[in-house]
1. Looking only at segment 171-207, which residues are within 16 Å of ligand 1 (Cβ to nearest atom) and buried (at least 20 other Cβ atoms within 10 Å of the Cβ)?
2. Being surrounded by fewer than 19 Cβ atoms within 10 Å (Cβ to Cβ) and free of Cβ contacts under 8 Å to residues at least 40 places away in the same chain is the filter here; which residues of segment 67-82 pass it?
3. Surrounded by 14 or more Cβ atoms within 10 Å (Cβ to Cβ), among the hydrophobic types (A, V, I, L, M, F, W, C) and assigned to a loop (DSSP other than H, G, I, E, B): does that describe L88?
4. Look at segment 12-41 and say how many of its residues are in a strand (DSSP E or B), within 9 Å of ligand 1 (Cβ to nearest atom) and either free of Cβ contacts under 8 Å to residues at least 60 places away in the same chain or surrounded by fewer than 20 Cβ atoms within 10 Å (Cβ to Cβ) (or both).
5. Within segment 143-172, how many residues turn out to be part of a loop (DSSP other than H, G, I, E, B) and under 24 Å from R83 (Cβ atoms)?
6. Can you name the condition, by its number, that G44 falls short on among (1) part of a helix (DSSP H, G or I); (2) at positive phi?
7. Quick check on my filter: what residues within segment 227-259 are in contact (Cβ under 8 Å) with a residue 40 or more places away in the chain, surrounded by 15 or more Cβ atoms within 10 Å (Cβ to Cβ) and within 16 Å of ligand 1 (Cβ to nearest atom)?
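The values are calculated or read from the model by the stated rules, or taken from the named source; none is laboratory data. The structure presented is a predicted model; accordingly, all values stated were derived computationally and were not measured. We place every Cβ from the backbone using ideal geometry, glycine too, and count neighbours over all the protein chains shown.
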Amino acid sequence: MVILEVKNVSYGYSHGTPFEIAALRDVSFSVEKGELVGIIGHTGSGKSTLIKMLNSLLKPESGQVLLNGKDINTDKASIKEARSKVGLCFQYPEYQLFEETCAKDIAFGPKNMGLSEDEVRQRVLRAAEFVGFNKELLNRSPFDLSGGQKRRCAIAGVMAMFPEILVLDEPVAGLDPAGRRELMSMIENYRKATGATVMIVSHSMDDIARIADRILVMNKGSLAESGTVKEIFSKTDKLIEMGLSVPAATSLINKLRLKLPELDADVYTTEDAARILAAFYKRRKEQ
Ligand SMILES: Nc1ncnc2c1ncn2[C@@H]1O[C@H](COP(=O)(O)OP(=O)(O)OP(=O)(O)O)[C@@H](O)[C@H]1O
Ligand SMILES: [Mg+2]
């Protein structure tokens with residue numbers, strides 16, 4: 001079932017100045033309920049602009065954004081509905097933490113939705129659990145947390161709204177490898193537990209290859225490609241042309257295949273690579 005439809009959306013910045021730029025050009029795609037969509041693209045390709053369209057933070061200059069079949073920009077009520085159903089988490093969301101305690105910060109979104117105190121409290125506890133926050137952390141000031149903890153606190157604030165679509169702009173940017181892995185698996189757990197649709201903008205081809213059901217590739221404001229991990233990352237040359245790359249595991253196997261053409265080419269994650277190389281050596285031993 002389609003939950004979100006972006007139809008011929010265009011948007012530009014700085015009209016009437018020498019800096020005028022077409023940030024989105026006739027972008028169209030749809031998202032199925034429960035899907036995990038990865039959005040990749042070179043810097044400046046329009047990824048952040050695109051996701052700001054999804055809850056009417058920016059309005060298309062032409063085209064439409066339909067949520068459950070309804071244009072989100074119809075009137076005030078439809079915009080309000082989109083804001084509660086599409087949870088947007090910006091890049092470096094920790095800069096927006098401001099409350100005395102993490103619990104209060106996480107409660108900010110659900111409180112604004114007009115929910116009862118009891119419901120807000122329950123949502124805060126549930127969201128905190130998704131990001132591994134215990135009571136002690138919840139009662140701390142967000143300013144006394146590590147960088148990774150601040151990030152998780154901010155993301156929990158969006159999760160606590162339990163949006164139908166959770167949209168995250170570069171959620172793991174700037175975290176160390178362990179922090180990245182941890183946060184990505186927290187997002188996956190949230191999705192599994194809630195059945196929410198998730199959209200993630202990322203510069204990491206490795207992260208996207210590991211978790212996405214489908215990938216949208218933005219290039220200079222246009223949607224250049226849309227497809228499965230295999231469909232997108234088998235087009236190495238096209239990605240490189242757009243200033244992108246393939247996952248490290250894909251690149252490794254592509255290089256090995258120059259010498260060992262019998263290796264399977266369908267490799268997008270470290271786990272895939274390990275499996276294929278182990279099978280290869282097993283076959284060799286048996287020969
Ligand atoms: N507020 C703004 N005013 C003017 N131009 C802007 C504004 N925000 C973005 N742009 C321009 O619009 C284009 C698309 O920007 P956007 O931030 O959507 O790209 P992005 O794909 O998210 O890039 P990044 O990977 O660096 O985050 C870029 O050329 C950018 O310079
Ligand atoms: Mg961006």
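1. Of segment 171-207, the ones within 16 Å of ligand 1 (Cβ to nearest atom) are 171-174, 199-205, 207.
If the condition is that a residue be within 16 Å of ligand 1 (Cβ to nearest atom) and buried (at least 20 other Cβ atoms within 10 Å of the Cβ), then P171, V172, M199, I200, V201, S202, M205, D207 are the ones that fit.
2. Kept after step one, since they are surrounded by fewer than 19 Cβ atoms within 10 Å (Cβ to Cβ), are these residues of segment 67-82: 68-71, 73-81.
K70, D71, N73, T74, D75, K76, A77, S78, I79, K80, E81, listed by residue number.
3. Values: surrounded by 14 or more Cβ atoms within 10 Å (Cβ to Cβ): yes; among the hydrophobic types (A, V, I, L, M, F, W, C): yes; assigned to a loop (DSSP other than H, G, I, E, B): no.
No.
4. 4
5. Of all residues in segment 143-172, those part of a loop (DSSP other than H, G, I, E, B) come to 145-146, 160-164, 170-172.
Going one step further and asking which of them are under 24 Å from R83 (Cβ atoms), we end up with 160-164, 170-171.
Residues meeting the conditions: 7.
6. (1)
7. M242, L244, S245
Residues checked against (1) more than 24 Å from R214 (Cβ to Cβ); (2) of a type in the set (K, R); (3) in contact with an Asp or Glu (Cβ under 8 Å, 6 or more places away or on another chain); (4) modelled with pLDDT under 95:
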residue: K235; (1), (2), (3), (4): no, yes, yes, yes
residue: N254; (1), (2), (3), (4): no, no, no, yes
residue: P261; (1), (2), (3), (4): yes, no, no, yes
residue: D266; (1), (2), (3), (4): no, no, yes, yes
residue: E271; (1), (2), (3), (4): no, no, no, yes
residue: R275; (1), (2), (3), (4): no, yes, no, yes
residue: E286; (1), (2), (3), (4): yes, no, no, yes
